[in-house]
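This report refers to the structure that appears directly beneath it.
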Amino acid sequence: MDLRELLHIEGVEEECDLRSTVGFMALHGGSQDRGTDQIARRAAALCGASYYAIVQPPWLRVHLTSRLHDPDHSTTFRRFLTHVRVAISVHGFGRDSFALWVDPTRGLVIDAYGPAVRDGQKDPLTGIIVGGLHAGLVGQARTLLSARCPGFHVADERLRLGFHPQNPVNLPPEKGVQIELPPGLRGIGAYGERLTPDDAAIPIGLITALVELARAAARTGTTTGSART
């Protein structure tokens with residue numbers, strides 16, 4: 001599947017507000033990375049940044065890899081990427097995948113959001129993963145998120161996340177930063193057990209960190225640093 005096909009599925013919607021040349025994105029909004037579109041929309045509105053999201057309906061869960069979001073497949077997305085000079089892409093991870101499993105008492109179980117605890121996980125996920133080709137902004141994101149999100153830590157995954165040149169976060173002139181948030185920061189419960197995000201449960205510290213990050217990007221226009229693929 002590509003972006004054109006995804007956008008033609010009934011119920012999938014694009015949201016876009018063009019404001020400043022700093023832009024928030026939520027490519028897996030709606031039912032896929034639950035809470036990410038609410039977070040990106042709210043942070044963008046508070047600091048006057050631009051905003052773009054793809055929002056999937058509750059009955060659909062399609063994970064289209066970021067690098068397959070071809071702006072040539074969407075006039076709206078292309079307009080957003082042409083407008084902004086730096087991007088902040090909000091994603092989610094943890095208990096967000098379809099699971100088919102056998103329960104000793106209930107038999108075959110189909111769980112759209114996976115079991116509450118899996119792969120040896122005993123406690124809620126508390127890592128935040130940051131990457132992208134805007135080296136200066138990545139560093140600032142790590143500092144701000146560490147300071148504003150007590151109980152969570154920024155995982156050292158800089159060599160893995162968000163470095164593909166076709167990832168939309170790297171398509172604006174000054175590239176950008178990709179931020180992967182665990183369930184506990186997305187208003188869906190510590191294990192992702194809440195199917196509908198609760199905006200009131202999204203920590204204000206997270207929103208504050210994202211607003212400060214966007215304002216820093218608007219002020220500095222710092223160097224993107226060297227590229228990795």
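The values are calculated or read from the model by the stated rules, or taken from the named source; none is laboratory data. On a predicted model such as this, the values are computed, not experimentally measured, just so you know. Counting neighbours? That spans all protein chains shown, and the Cβs are built from the backbone with ideal geometry, glycine included. The area values use the complete protein model at the heavy-atom level, side chains included, leaving out ligands, DNA and RNA. Shrake-Rupley method; radii C 1.70, N 1.55, O 1.52, S 1.80 Å.
L171 sits among other residues whose Cβ lies under 13 Å from its own Cβ, and their net charge, with Lys and Arg +1 and Asp and Glu -1, is +2. Only protein heavy atoms count here; on that basis, with a 1.4 Å probe, E174 has an accessible area of about 40 Å². Annotation note: chymotrypsin sites (Phe, Trp or Tyr not before Pro) in segment 18-62 located in DSSP loop regions with a Cβ neighbour count of at most 10 within 10 Å are W59. The trypsin sites (Lys or Arg not before Pro) found in segment 22-106 that occupy coil by DSSP, while having at most 11 further C-beta atoms within 10 Å, are R106. Legend: calculated FRET efficiency, E5 to A218, from the Cβ-Cβ distance at R0 = 30 Å, rounded to 0.05, equals 0.30. For E15, the solvent-accessible surface computed with a 1.4 Å probe is close to 50 Å², ligands and nucleic acids excluded.
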